[in-house]
Amino acid sequence: MTPLKMKVLGFMVIMLSVSAIAKGDENESSSKPPTLVKMVKGKKMCVKDWECNVLSRFCCNLTISDFFETYQFENLFSKRNSPVAHSVGFWDYKSFIIASALFQPLGFGTTGGKQMQMKEIAAFLGHVGSKTSCGYGVATGGPLAWGLCYNKEMSPSQDYCDDYFKLTYPCSPGVQYYGRGALPIYWNYNYGKIGEALKVDLLNHPEYIEQNATLAFQAAIWQWMNPVKKGQPSAHDAFVGNWKPTKNDTLSKRVPSFGTTMNILYGDNVCNQGDIDSMNNIISHYLYFLDLMGIGREEAGPHELLTCAEQKPFNPSSSPAASSS
């Protein structure tokens, strides 16, 4: 049995539990089992059904499906199944919630109060929407309604095989490491690193990402939750305020904010280039999603916390460890 099939079988158990959520069952939140609460070294720790099923302080909070429901996902990505989209029928709410269950005990969408939780989901999905969009200025529904239009790069310009990593993440013969997923993965070393973390052989089978939406969302959330290099913040930590910037960070205009999440995920592909369209498109998706989720873009904070136009990159593109999205 292939690793992908084994992973899919594991997903099936959870999928049975979330069938009511996928159908938009209004009573799902009230029908959840009671939270198991334990005091560990004086700190409250919880387990909350299948969605946050590891003893964690974050599981004492709302789970993502408590505040983010099927209809909201459909609103955010309303054009993804239009006939002209390129991954019709691939992405859905159930896949996202199943994928998130791996990371909710670690704080993904479960950090802080309800408003911070909702803002993090809007921020993460804002990145996803921007990076998978086929929207344009006069597109039906507007340019921000076309997220999750793609699940892979349509016309790869290269194989994205970097021999610098031939000892740790050697390229598999004939395999192409072009962009795939909700936060598109490029290059052999990124497929190798993410595959190791998720215990799936993505180095030899990067196509798994474009074949399984839950795995694709898991890979994207993993990127959100983990730093590019040790000693640097993850996008999650930079957004929710866990990260404490150094003096050098402050001088580089890197502060806990949405803007810094772009720096972490894309480096100088997007940041430190002034007021460019690719950066503004990501910001626009985030603000639009805040509105659609009922939070309101006014809660995003001042413009200087949204932008990375003048932020120096954590990992300049000349560095092999630089983000490659």
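Applied to the range 93-100, the Karplus parametrisation 6.51 cos²θ - 1.76 cosθ + 1.60 on θ = phi - 60° returns per-residue 3J(HN,Hα) values of 4, 4, 4, 5, 5, 4, 4, 5 Hz, with x for Gly and Pro.
Per residue, the solvent-accessible area of the range 64-141 (1.4 Å probe, heavy atoms of protein chains only, all protein chains present) comes to 34 Å². Heavy-atom accessible surface of the range 181-317, averaged per residue, reaches 39 Å², computed with a 1.4 Å probe. Could you tell me the center-to-center distance, by alpha carbons, between the range 195-233 and the range 105-156 in angstrom? Cα centroid of the range 195-233 versus Cα centroid of the range 105-156: 17 Å apart.
Straight-line cross-link partners of LYS312 among the lysines, defined as a Cα under 21 Å from its Cα and at least 8 positions apart when in the same chain: LYS229, LYS230, LYS244, LYS247, LYS253. Counted without the sites themselves, the longest stretch of the chain free of trypsin sites (Lys or Arg not before Pro) in a DSSP loop having at most 15 other beta carbon atoms within 10 Å is 58-165.
The apolar share of the surface of the chain, taken as the fraction of accessible area on carbon and sulfur atoms (1.4 Å probe, ligands and nucleic acids excluded), comes to 54 percent.
Each residue of the range 304-316 was assigned a 3J(HN,Hα) from its phi angle through the Karplus expression (A = 6.51, B = -1.76, C = 1.60, θ = phi - 60°), giving 5, 8, 8, 9, 10, 4, 10, 6, 6, x, 4, 10, x Hz with x at Gly and Pro. For the chain, modelled as a GNM whose springs connect Cα atoms under 10 angstrom apart, the maximal fluctuation among THR35, THR214, THR307 occurs at THR35. Only Cα pairs under 8 Å and 6+ residues apart enter the sum, and on that basis the relative contact order of the chain stands at 15 percent. Its residues counted as N, the range 204-272 yields a C-alpha radius of gyration over 2.2 N^0.38 Å of 1.27. Simple point charges give the picture: +1 on the Cβ of Lys and Arg, -1 on the Cβ of Asp and Glu, and for the range 130-259 a dipole about the Cα centre of about 580 debye. A simple rule links phi to the HN-Hα coupling: the Karplus curve 6.51 cos²θ - 1.76 cosθ + 1.60 with θ = phi - 60°, which for the range 151-168 gives 10, 7, 5, 7, 9, x, 8, 7, 7, 6, 9, 10, 5, 4, 9, 5, 7, 9 Hz, with x for Gly and Pro.
The values are calculated or read from the model by the stated rules, or taken from the named source; none is laboratory data. This one's a predicted model, so the numbers in the text were calculated from it and none came from an experiment. All Cβ positions, glycine included, derive from the backbone under ideal geometry; neighbour counts span all protein chains shown. To get the accessible areas, we keep the full protein, side chains included, count just its heavy atoms, and leave off ligands, DNA and RNA. Shrake-Rupley method; radii C 1.70, N 1.55, O 1.52, S 1.80 Å.
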